[in-house]
Amino acid sequence: MNLCEFCDRDKIWEKHKANSDRIAQYYANSQFEDYCQRIIDCGNFLKFEVVSGEIKLLNAKFCRIRYCPVCQWRRSLQWKARAYKTIPTVVNDFPRDRWLFLTLTVKNCPVKCLRKTLNEMHLSFKRLTKLKEWRARGWIKSTEVTLGHDGLAHPHFHCLLMVPASYFSGSYYLSHAKWVQLWQRSLKIDYLPVVDLKAIKKADNPTVLIPEILKYQTKVKDLISDREWLIELTRQLHKTRSIAIGGVLKSYLRQLEEQFEELPEEDEIENCDRETIYFSWNPHQKIYQKSDNLDY
């Protein structure tokens, strides 16, 4: 029996682990060669428990490398879980405030210039928040880097902004053209950058945008498409942060900026019949297979 036969919804485990094996080989014979074995060993053994018919991860060893698809996926899940739990509290505390989804971009750049470009973008965003026209009193900013069709890096920010209800009235409102102008001014560039802006309807909950805000920093399909691009991306983004919280949201969501835990905590479920199940990764068949109790 393999993991997917036991629980069909967990096919994603095998998908991410197979991609991790591929990326591990990319890191072989590079300046990040130590990542290779760490990723190979990541998630090789999984300990689950079955509680009331549900399978839940109880223990595993993860490499915590940013571009390991297994760890990237789990990090995103943890971020989202925290945000889903906290955002309703913010909405309750600021019931009249509205929410905007803002995407800020710049021209594509060579991946070797990515760190410099992102540093300039972060400084520009800080300048943007200091402008008198800036209306948000709280925000989440996530950084995403994709591989463009031209082979260049496409860095951009996804931002969830909390604005007072007055934003949509009179002179307080900022049109799309105004946002483009403000971002251009903050970047100190001579071209009009691409900006996307969407307002969340008053009756809608901002948590609908959490998957878009807290998704992967780099798509897995980009990571596995080009070895040299991955190596240089790793070099450029080494020890950088992908999530930033500002304004009044910082006190609510500060934990999103912290590094995720290596292992999940045990589920605190009492008075339930429990069954412990172990799975080990078969690198040849690219599947998780049920195993005996393994000491790892």
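The values are calculated or read from the model by the stated rules, or taken from the named source; none is laboratory data. Every value quoted in this text rests on a predicted model; they were computed, and no experiment measured them. Heads up, the Cβs are rebuilt from the backbone with ideal geometry, glycines too, and the neighbour counts pull from every protein chain shown.
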- Task: Return the only residue of Ser171, Ser186 being in the same structural domain as Pro155 (by TED's automatic domain parsing), closer than 13 Å to Leu102 by Cβ and hydroxyl-bearing (Ser, Thr, Tyr).
- Result: Ser186
- Message: For region 16-37, which positions are within 16 Å of Ser280 (Cα to Cα) and without any contact (Cβ under 8 Å) to a residue 40 or more places away in the chain?
- Response: none
- Message: Could you list, ordered by first residue, the pairs with Cβ atoms under 7 Å in which the first is in region 194-208 and farther than 30 Å from Lys107 by Cα and the second is modelled with pLDDT of 85 or more and hydrophobic (A, V, I, L, M, F, W, C), at least 6 apart or interchain?
- Response: Asn205/Val91
- Task: Hey, could you check region 241-282 for residues that are over 20 Å from Phe48 (Cβ atoms), modelled with pLDDT of 70 or more and exposed (fewer than 15 other Cβ atoms within 10 Å of the Cβ) and say which is farthest from the chain's Cα centre (by Cα)?
- Result: Ser251
